[in-house]
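Peer 1: First, the structure itself, so that you have it in front of you.
The values are calculated or read from the model by the stated rules, or taken from the named source; none is laboratory data. Small disclaimer: the values here were computed from a predicted structure and weren't measured. Cβ placement follows ideal geometry from the backbone for every residue including glycine, while neighbour counts extend to all protein chains displayed.
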Amino acid sequence: MAIASGHPLPQGAGYGVVIGMGLFFSFLMVGITKIQNRYTSHKASSAEEFTSASRSVPPGLIAAGIVSAWTWAATLLQSSATAYKFGISGPWWYASGAAIQILLFAMIASKLKQNAPYCHTYLEIIRARWGTAAHLTFLFFGMATNIIVSTMLILGGSATVTDLTGMNTIAACFLIPIGVSIYVLTGGMRATLLCDYSHTLVLYCILIAFALTAYGTSDIIGSPSKMWDMLAKAAENNPISGNAEGSYLTMRSKSGLIFGVLNIVGNFGTVFNDQAYWQRAIASQPQTSVKAFLLGGAAWFGIPMGIATSLGLAAVALAHGPEAIITLTTDEVSAGLPAVKAAAALMGKSGACAMLILLFLAVTSACSAEQIAVSSILTFDVYGVYINPKPSEKQIMWSSHACIIGYSLFMGAIATAFNYIGVSMGYLYELMGTIIGCAVVPIALCITWRNCSGTGATVGAIAGFCAGIAGWIGITHTLNDGVINVTTTFGDYEMLTGNLLSIGVGGIVTVVWSLLRPEGFDWDITRAINAQVESAMVEERVTPADTPSGEKELSGDVKTGTEGVPSATSPRVEEQSFDLATEKRDLKKAFRFAAIAALALVIILIFLIPLPLFFTSYVYPKKGFTVWVCISIIWLFVGFAMVGLYPAWEARKGLLQIGKGISADLARKRA
């Protein structure tokens, strides 16, 4: 029995969700921002608050922001597509191959707080350390990262909305980012994180509902045992080439392993090169930045693992099982639609509606992260360096707002262009490592290794980029009889070659050059970026204890850091530790903890679990598959606790304070 052709939801539902929910969250964030301005010490009119949330955000909220920013349309759609194409190896390689970057970034976050505690962007660090040439080089790769990520977000989101409702794709491409820009403009970084938190709560609830429906209540599947039977039958009807016994129930998948390598390499670029994650590290409290990224990475793992294990495998069972309930073309799989089709088949219109809301929340929360990230780069690394080297706070705010509006329109335009030329979200996802992977090692070493050479890093990034593109096109030409087009360049070995050459050449050139000509950099130079004058810091340290947040109004002109690095005028100084030596020691301990925890998890997720299963060609029996499914569902609940319940517990004192303020205002009005 096949699903009736057409769209499971009316076109009005698409416009209703995109416009209606967009306006709802915009008004919600406007209200929250007004409450924040009224009852807390954080004012959205401050440039420091707008761009970095006054560097005071607790770890739970940062972790929720990380999960939300890292949950793209691709996270939900492409992960399910890998399950459809490779079987159970797809969800594992997608989840582990994209979680380790967040875990490893915990080390970067710790070094950032040690070596550049007042920066606004990582490009400020590069400019202060390596000069203008390196700054312009990595500005290109930083913006390329944001543009690729934004394009994937909008392409995936618009394709899903169109498939479910028939909404005009071009309208979706423009309306999604424009709606997001409203609340980003109003509240800045803190509003973005609060909206991320609300999105994450709903997202986990929907994912848990999908998993419990697929494996608990569905009349079509309803249990891990029934799913195993349907997947076994699917392997008979449509065996996977390169999988052990052609099965969907094995980690022995040649194409799955190739995708895993592509996923790992490409996602290093989209985390380490993306200002959105640096911005969350900047916004976090110094003592808890490591905790935030470790929590975020661990919680995020369950999202692609959960949805791909439920809806991705359900799409296989429904398309190739005993009865073909759904059909999927190659283009639909590339666009990431197996999860969409499976949700509609299992739950009817309610499933399609839930999927529509899920994708909208994922796309908009990640869009907001990209908008505030690009705004910061264009404001502090373009406008504040090459256009107006000494901007006032008012000019910084004006530039930030203008960049958010301009980039939201650009996001719609670039996604429309790629849609017309036939480049899908899946294509960009596998290509991104070829373009931006070359900058990963230089950017990571900029904040962690004092002997890293600026010239070596710049040459390495450019050489890696050229090698990646040349290798990708060259192997395509060789393997496809000289035919080079969107189809031939999308091959496994073609993409793998480009990705490995880009990150490998970029890293090797940078490290070898730096070993031959080490710099011996003085970290005090980057610690001076945007730092207030010593008298202001001393004044802040002796602020009376009854000041609400330890912040003090300051006046003065724009200060300039070492090496002429401009700093934003800010009426507020971050809260300073009374014992800087203790804080420095604590940050060193945090880095060691981050290194041990992150590296241990990387070894477990990438080597100890999947590789023995791959090399033994193990095919899961029914009981083993049931355990696999149970673990994926449990991980969803644990993730919900980490980034759903924990941030609410953290905020209990602040919420109580706001409640008392509102009660006092109401009492005065009644009087």
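Peer 1: Can you tell me which residue in the range 389-410 is farthest from PHE174 (Cα to Cα), limited to those that are of a type in the set (Gly, Ala, Ser) and assigned to a helix (DSSP H, G or I)? Outline the logic, then answer.
Peer 2: At the first step, the residues of the range 389-410 found to be of a type in the set (Gly, Ala, Ser) are 392, 399-400, 402, 406, 408.
After this cut, where a residue has to be assigned to a helix (DSSP H, G or I) as well, the list is 399-400, 402, 406, 408.
Values: SER399: 22, SER400: 20, ALA402: 17, GLY406: 12, SER408: 8 Å.
Ranking the candidates gives SER399 first.
Peer 1: Related question: Within the range 280-298, identify whether any single residue is more than 30 Å from LEU587 (Cβ to Cβ), among the hydrophobic types (A, V, I, L, M, F, W, C) and out of contact with any strand residue (DSSP E or B) (no Cβ under 7 Å at 6 or more places or on another chain), and answer yes or no. Quick ask: steps written out before the conclusion?
Peer 2: At the first step, the residues of the range 280-298 found to be more than 30 Å from LEU587 (Cβ to Cβ) are none.
No, every residue in the range 280-298 fails to be more than 30 Å from LEU587 (Cβ to Cβ), among the hydrophobic types (A, V, I, L, M, F, W, C) and out of contact with any strand residue (DSSP E or B) (no Cβ under 7 Å at 6 or more places or on another chain).
Peer 1: Could you look through the range 46-83, keep only residues that are aliphatic (A, V, I, L, M), farther than 19 Å from LEU359 by Cβ and at pLDDT below 90, and pick out the one that is surrounded by the fewest Cβ atoms within 10 Å (Cβ to Cβ)?
Peer 2: Here is the first cut: in the range 46-83, the residues aliphatic (A, V, I, L, M) are 47, 53, 57, 61-64, 66-67, 69, 73-74, 76-77, 81, 83.
Okay, now just the ones that are also farther than 19 Å from LEU359 by Cβ, so 47, 53, 57, 61-63, 66.
Those still in the list that are at pLDDT below 90 too: 47, 53.
Values: ALA47: 25, ALA53: 28.
The qualifying residue surrounded by the fewest Cβ atoms within 10 Å (Cβ to Cβ) is ALA47.
Peer 1: Need the failing condition index for ASP196 against (1) buried (at least 24 other Cβ atoms within 10 Å of the Cβ); (2) of a type in the set (Asp, Glu); (3) free of Cβ contacts under 8 Å to residues at least 60 places away in the same chain, just the number.
Peer 2: Unmet condition: (3).
Peer 1: A further question follows. Please find, within the range 300-352, the residue that is modelled with the lowest pLDDT out of those that are part of a loop (DSSP other than H, G, I, E, B) and small (Gly, Ala, Ser). First the steps, then the outcome.
Peer 2: Applying the first criterion (part of a loop (DSSP other than H, G, I, E, B)) to the range 300-352 yields 321-329, 335-337.
This time we only want the ones that are small (Gly, Ala, Ser), so: 321, 324, 335-336.
On the way: GLY321: 84, ALA324: 85, ALA335: 78, GLY336: 84.
Only one residue fits best here, namely ALA335.
Yes or no, residue by residue, for (1) under 21 Å from the mean Cα position of the chain (by Cα); (2) more than 30 Å from CYS119 (Cβ to Cβ); (3) basic (Lys, Arg):
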site	(1), (2), (3)
GLY348	no, yes, no
ILE357	yes, yes, no
ALA373	yes, no, no
ASN419	no, yes, no
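Peer 1: While we're looking at this one, here's another question. Return the total of residues in the range 236-250 being in contact with a strand residue (DSSP E or B) (Cβ under 9 Å, 6 or more places away or on another chain) and either of a type outside the set (A, V, I, L, M, F, W, C) or without any contact (Cβ under 8 Å) to a residue 60 or more places away in the chain (or both). I'd like the intermediate steps shown before the answer.
Peer 2: So in the range 236-250, the residues in contact with a strand residue (DSSP E or B) (Cβ under 9 Å, 6 or more places away or on another chain) come out as 240, 242-245, 247, 249-250.
Narrowing further to those that are either of a type outside the set (A, V, I, L, M, F, W, C) or without any contact (Cβ under 8 Å) to a residue 60 or more places away in the chain (or both): 242-243, 245, 247, 250.
Count: 5.
Peer 1: Continuing with the same structure: Can you name every residue in the range 101-124 that is more than 19 Å from the chain's Cα centre (by Cα) and buried (at least 24 other Cβ atoms within 10 Å of the Cβ)?
Peer 2: Let us first name the residues in the range 101-124 that are more than 19 Å from the chain's Cα centre (by Cα), namely 111, 113-119, 124.
Within the range 101-124, LYS113, ALA116, CYS119, GLU124 meet the criteria.
Peer 1: Condition first: more than 24 Å from ALA595 (Cβ to Cβ) and surrounded by 23 or more Cβ atoms within 10 Å (Cβ to Cβ). Now tell me which residues in the range 439-458 satisfy that.
Peer 2: Answer for the range 439-458, where residues must be more than 24 Å from ALA595 (Cβ to Cβ) and surrounded by 23 or more Cβ atoms within 10 Å (Cβ to Cβ): just THR458.
Peer 1: Can you report the number of residues in the range 212-234 which are small (Gly, Ala, Ser) and buried (at least 21 other Cβ atoms within 10 Å of the Cβ)? Walk me through it before giving the result.
Peer 2: In the first step, residues of the range 212-234 are kept if they are small (Gly, Ala, Ser); the result is 214, 216, 218, 222-223, 225, 232, 234.
If we keep only those that are buried (at least 21 other Cβ atoms within 10 Å of the Cβ) too, we end up with 214, 234.
Residues meeting the conditions: 2.
Peer 1: Tell me which of these GLY222 doesn't satisfy, since it passes every other one: (1) more than 23 Å from SER89 (Cβ to Cβ); (2) among the small types (Gly, Ala, Ser); (3) in contact with a helix residue (DSSP H, G or I) (Cβ under 6 Å, 6 or more places away or on another chain).
Peer 2: (3)
Peer 1: For the range 619-632, state whether one or more residues are over 21 Å from ALA292 (Cα atoms), assigned to a loop (DSSP other than H, G, I, E, B) and either over 29 Å from the mean Cα position of the chain (by Cα) or at pLDDT 95 or above (or both). Spell out how you get there, then give the answer.
Peer 2: Of the residues in the range 619-632, the ones over 21 Å from ALA292 (Cα atoms) are 619-632.
Then drop every residue that is not assigned to a loop (DSSP other than H, G, I, E, B), which leaves 620-621.
If we keep only those that are either over 29 Å from the mean Cα position of the chain (by Cα) or at pLDDT 95 or above (or both) too, we end up with 620-621.
Looking through the range 619-632, at least one residue is over 21 Å from ALA292 (Cα atoms), assigned to a loop (DSSP other than H, G, I, E, B) and either over 29 Å from the mean Cα position of the chain (by Cα) or at pLDDT 95 or above (or both).
Peer 1: Also, I was wondering about something else. If a residue must be of a type in the set (D, E, K, R) and under 29 Å from ILE609 (Cβ atoms), how many such residues does the range 622-667 contain? Break it down into steps so the answer makes sense when it comes.
Peer 2: Step one: list which residues in the range 622-667 are of a type in the set (D, E, K, R), which gives 622-623, 650, 652-653, 660, 665.
Still in the list and also under 29 Å from ILE609 (Cβ atoms): 622-623.
Going through the range 622-667 one residue at a time, the tally reaches 2.
Per-residue answers, yes or no, for (1) touching a Leu at 6+ places or on another chain (Cβ under 8 Å); (2) aliphatic (A, V, I, L, M); (3) surrounded by fewer than 17 Cβ atoms within 10 Å (Cβ to Cβ); (4) without any contact (Cβ under 8 Å) to a residue 24 or more places away in the chain:
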{"residue": "GLY460", "(1), (2), (3), (4)": "no, no, no, no"}
{"residue": "GLY468", "(1), (2), (3), (4)": "yes, no, no, no"}
{"residue": "GLY471", "(1), (2), (3), (4)": "yes, no, no, no"}
{"residue": "TRP523", "(1), (2), (3), (4)": "no, no, yes, no"}
{"residue": "ALA531", "(1), (2), (3), (4)": "no, yes, no, no"}
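Results for (1) closer than 26 Å to ASP524 by Cα; (2) aliphatic (A, V, I, L, M), shown as yes or no for each residue.
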residue: THR71; (1), (2): no, no
residue: THR82; (1), (2): no, no
residue: GLY97; (1), (2): no, no
residue: ILE100; (1), (2): no, yes
residue: LEU104; (1), (2): yes, yes
residue: ARG129; (1), (2): yes, no
residue: HIS135; (1), (2): yes, no
residue: SER150; (1), (2): no, no
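Peer 1: A follow-up question, please. Going residue by residue through the range 195-203, is there one that turns out to be part of a helix (DSSP H, G or I), among the hydrophobic types (A, V, I, L, M, F, W, C) and within 19 Å of ALA95 (Cβ to Cβ)? Steps first, answer last, please.
Peer 2: Residues of the range 195-203 that are part of a helix (DSSP H, G or I), as a first pass: 195-203.
Among the residues that remain, those that are also among the hydrophobic types (A, V, I, L, M, F, W, C) are: 195, 201-203.
Okay, now just the ones that are also within 19 Å of ALA95 (Cβ to Cβ), so 203.
Yes, the range 195-203 contains a residue that is part of a helix (DSSP H, G or I), among the hydrophobic types (A, V, I, L, M, F, W, C) and within 19 Å of ALA95 (Cβ to Cβ).
Peer 1: Here are the criteria: (1) without any contact (Cβ under 8 Å) to a residue 12 or more places away in the chain; (2) closer than 22 Å to ARG190 by Cβ; (3) not acidic (Asp, Glu). Tell me which single one TYR386 does not satisfy.
Peer 2: It fails just one condition, (2).
Peer 1: Can you name the condition, by its number, that LYS291 falls short on among (1) closer than 30 Å to GLY142 by Cα; (2) among the charged types (D, E, K, R); (3) not in a helix (DSSP H, G or I)?
Peer 2: Tallying (1) closer than 30 Å to GLY142 by Cα; (2) among the charged types (D, E, K, R); (3) not in a helix (DSSP H, G or I), LYS291 fails exactly one: (3).
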